[in-house]
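Read through the structure below, which is laid out as structure tokens, and then see the notes.
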């Protein structure tokens, strides 16, 4: 398809006159290095606008409610939610470390198998965790509360704590409109739902890339010129020869699905992380899914993915495609933190082992053999996905008497 | 191979495999759009002709969609549906479910998770024939 053809079909954005001028300028002089083709423009535009529209999560009856968000904030920083009384969510998801912990693999009571992801933009996800073992944000929040290596308080411990502590039971009542009841499982799930209400508020702010993208959308040359040339070159690689945007698709820079990015997935000698394959199996054996009794939506209107997900052999060793907003703040990278910097990530894609990668037949990633300048351009682009200004950090709430 | 740049599922159909019955071109011409539809795409094979349309339309990258279809031709006993990206050599991460009611039906649980060229592959089976129809669409 020629650029001309697709320009014409996107006529709403460009007058015929400017097409002609563009054509003439292209004929009259050598094409300027940063002149984007219509195809490139289209591909760039689909990474916005930001932020996208969102709505409350129908599977969580307190999604978006201020009382639940406040209660979730209390819970997030409370180490009493661990069996030892020493570990809170904030141990591994530190607000001033972009909600991650800076470690390769996280450590609670024990070191776990994976890297703690940041907690940005989760409300746009379909699947949660590196292996997508959870189909809601609240179900994902249950995992550390149930896993002894992380916090492991469990349903009985959590219910006892909430019933006996006056502040927590007050917060619960405010958020859910009733005192904690008899069903321990239900109380634990409700805590996870209040935490989800908090995490839904963590949407990244506007970035230099968004300003460039929107300037492109309204044909504002001055606005486009403010974006660094190296970032434009990196962006072209990202949407073009690098093929990155096939997986890192859309406004959040993820298609929300799973892929093999050629990252080794040994946990230790003789033990591998099954990735998505194990995630689907865990999903199917969990009582805490959109198909179970804890879904607050009688219509099950968001359960299509859970109902139809397919256990593929190729899912073995696949991990969720991470979103890339604020990625410069969340080192180290990949599911087990195996790559230290963004330059290391780009180097990885540049030198990827095709033979290993294509064993399953899929052909998306290629060894890119990028030059040094191309690699640094790609890093420059990724750095423009950082919000500016940084949004204020969510802090542990001051002690306020809940009545 | 015909490729359409339109994001809607304006599809080109190719006949892959047909046997047992002689070509029935008149049957294809006679296959009318179902009365209560607007839009939709018509696909003529050797044995069957399909009208079908996605819901919601157009199909978007990584969003669940369903398909309604109507088949003209001999009685149908089974329809299967899958998605395939020929350039990447992978299919969908989801297993669609077909509900067949006479010559019509719906397919739920489809999701095309990447931009690029997708094929929607309909496997149709009757008493004496089977046929595979392939629709192609480029998602942006």
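Derivation of every value follows stated rules applied to the coordinates shown; laboratory data play no part. Please read these numbers as outputs of a predicted model, since none were measured by experiment. Please note: Cβ atoms are built from the backbone with ideal geometry, for glycine as well, and neighbour counts cover all protein chains shown.
One table, with the values for the structure above:
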| read-out | value |
| --- | --- |
| Residue exposure sequence - A:249, A:381, A:266 - by fewest surrounding Cβ within 10 Å | A:266, A:249, A:381 |
| Candidates A:72, A:223, A:323: whichever shows maximal mean-square fluctuation once chain A is modelled as a Gaussian network with Cα springs under 10 Å | A:223 |
| Tilt relative to chain A, helix A:276-285 - C-alpha long axis, 0 to 90 degrees, to 10 | 30 |
| Chain A: angle of helix A:16-28 to the longest principal axis, Cα-based, in degrees nearest 10 | 60 |
| Centroid-to-centroid separation of region A:351-395 and region A:63-109 [C-alpha atoms, Å] | 29 |
| Region A:157-277: equivalent-ellipsoid semi-axes (sqrt of 5 x gyration tensor eigenvalues, Cα, Å) | 44, 26, 11 |
| Region A:318-403 shape via C-alpha gyration tensor axes, a/c threshold 1.5 | prolate |
| Rg(Cα) / (2.2 N^0.38 Å) computed for region A:66-199, rounded to two decimals | 0.99 |
| MRE, 222 nm, helices only [DSSP H, n ≥ 4, -39500 (n - 2.57), over chain A, to nearest 500] | -11000 deg cm²/dmol |
| Cα long-axis angle, helix A:208-217 against chain A (0 to 90 degrees, to the nearest 10) | 50 |
| Separation in nanometres of the label points that stand 7 Å from Cα toward Cβ, at residue A:109 and residue B:68 | 5.5 |
| Theoretical gain in end-to-end length, residue A:167 to residue A:369 [0.36 nm per residue, Cα-Cα removed] | 66.9 nm |
| Other protein chain Cβ atoms within 10 Å, averaged over every residue that makes up B:87-99 | 5 |
| 20 Å-binned pair-distance histogram of the protein assembly as shown (Cα, whole percent) | 19, 48, 29, 4, 0 |
| FRET efficiency, residue B:132 to residue A:54 (Cβ-Cβ, R0 35 Å, nearest 0.05) | 0.30 |
